[in-house]
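The structure appears below as structure tokens.
Read the figures in this text as sums done on the coordinates, not as results from a lab. The shown structure was predicted, so the numbers you read here are calculated from the model rather than taken from an experiment. All Cβ positions, even for glycine, are placed from backbone atoms using ideal geometry, and neighbour counts span all protein chains on display.
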């Protein structure tokens, strides 16, 4: 009987410890989310190793000030790997000062001047019978659609990009991570 009581006490202590750790993890995640939401779009992107190419491109296109603005903005942020998918030499060429306007056009094609969280995007897709169209800051159109349970962007050229992470909150909008650079016509 004494062994049973000791085992039950040890089990209770373990359960309490697990619950406390779980609560601490939830609290830590909430705190991290809150801290991130105090940063603007540029600061959130700068904090991501996977977006160093995007940050360099935003700086080269002289868009830092614009993306630090009040917003709200929804940014479909290509990862470094997404930029690596571009034809060889494309990124190097775009980063040259003489191609600043073309680079700015491509980057602002990844920005929607609205706060579109994932719930709003999915709701719009459902309302549009599987597709929704959004106008970008550049003035072009992106189509958002569902395919195999995932959300994709389709650019004006018919190329697609999968959204791989959603709802990275910033003080002036939201970031959704994409796996391919989308291009205007």
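A few points about this structure:
- The overall shape of the range 63-108, judged from the alpha-carbon gyration tensor, is oblate: a/c is not under 1.5, and a/b is no greater than b/c.
- Shape of the range 87-181, Cα gyration tensor, a/c cut at 1.5: prolate
- Whole-Å distance, taken between Cα centres, linking the range 32-92 and the range 130-181: 15 Å
- Annotation for residue 62 and residue 169: the two label points, set 7 Å from Cα along the Cα-Cβ direction, are 3.5 nm apart.
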